[in-house]
Amino acid sequence: MDSTTDRTEGVPDLAYDVFSRQCPSRGTLEHVTGRWGALTLGALHDGSFRFNELRRRVDGVSEKMLSQTLHALERDGLVHREAQPTNPPRVDYELTPLGREFAERLLTLVHYMEGRMDDVLAARKRYDEARGGR
């Protein structure tokens, strides 16, 4: 198979291939699907947040990790940072239109997962019981 066709006959490949180590989409995938990126995008889907509000909403994230996550998402064009010239300074974060699209797709997966957690927990229990309760 050459690089001009998809795995489906006659469908052109996308310009990017996340499975290729050199593809820049890999970094964005990591930013969006990593624990803190996914939770941050999901939280921002609810609206604009100041940093500490967002940190409280994304329970368990450290200040440093949230800051790094927001910088990565902002660089990818998914989050907009608005600094207000007030004293003390006020900084708000919100999704860009592109970020909203990403968050909506991500939240579809999150809601599906939450709806199937009984099945996941039952599978974990069967797995652990089959291996001596590990």
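The values are calculated or read from the model by the stated rules, or taken from the named source; none is laboratory data. Just so you know, these numbers come straight off a predicted model, no measurement behind them. Neighbour counts are summed over all protein chains in view; Cβ atoms, including those assigned to glycine, are modelled from backbone coordinates with ideal geometry. Just the protein is used for accessible areas: all its heavy atoms, side chains included, with ligands, DNA and RNA removed. Shrake-Rupley method; radii C 1.70, N 1.55, O 1.52, S 1.80 Å.
Inclusion of Asp2 among residues that are at pLDDT below 90 and either loosely packed, with under 12 Cβ neighbours inside 10 Å or under 23 Å from Arg105 (Cβ atoms) (or both) is warranted. Pairs are defined by a Cβ separation below 8 Å, a sequence spacing of at least 6 or placement on different chains, a first member in the stretch 113-130 that is under 23 Å from Gly42 (Cα atoms), and a second member that is open to solvent by 80 Å² or more (accessible area, probe 1.4 Å) and assigned to a helix (DSSP H, G or I); the pairs so defined are Val120/Met113. Could you check, for the stretch 72-80, whether at least one of its residues is open to solvent by 90 Å² or more (accessible area, probe 1.4 Å) and free of Cβ contacts under 8 Å to residues at least 12 places away in the same chain? Yes, the conditions are met somewhere in the stretch 72-80.
Among the residues of the stretch 10-62, just one is small (Gly, Ala, Ser), within 19 Å of Leu109 (Cβ to Cβ) and part of a loop (DSSP other than H, G, I, E, B), namely Gly34. Within the span defined as the stretch 54-64, one or more residues are more than 14 Å from the chain's Cα centre (by Cα), hydroxyl-bearing (Ser, Thr, Tyr) and at negative phi. Pairs are defined by a Cβ separation below 7 Å, a sequence spacing of at least 6 or placement on different chains, a first member in the stretch 41-67 that is open to solvent by less than 20 Å² (accessible area, probe 1.4 Å), and a second member that is assigned to a helix (DSSP H, G or I) and of a type in the set (Lys, Arg); the pairs so defined are Ala43/Arg57; Val61/Arg55; Leu66/Arg55.
Screening the candidates Ala43, Ala72, Ala83 for the property of being closer than 28 Å to Pro24 by Cα, of a type in the set (Gly, Ala, Ser) and out of contact with any His (no Cβ under 6 Å at 6 or more places or on another chain) yields one hit, Ala43. Checking the stretch 22-31 against the condition returns a match, with at least one residue being among the hydrophobic types (A, V, I, L, M, F, W, C), surrounded by 14 or more Cβ atoms within 10 Å (Cβ to Cβ) and in contact with an Asp or Glu (Cβ under 6 Å, 6 or more places away or on another chain).
What are the residue pairs meeting all of these: first residue in the stretch 96-107, first residue within 16 Å of Glu74 (Cβ to Cβ) and surrounded by fewer than 14 Cβ atoms within 10 Å (Cβ to Cβ), second residue of a type outside the set (A, V, I, L, M, F, W, C) and at pLDDT 95 or above, Cβ atoms under 7 Å, and 6 or more apart or on different chains? That search, which allows pairs on different chains as well, returns Leu98/Gly77.
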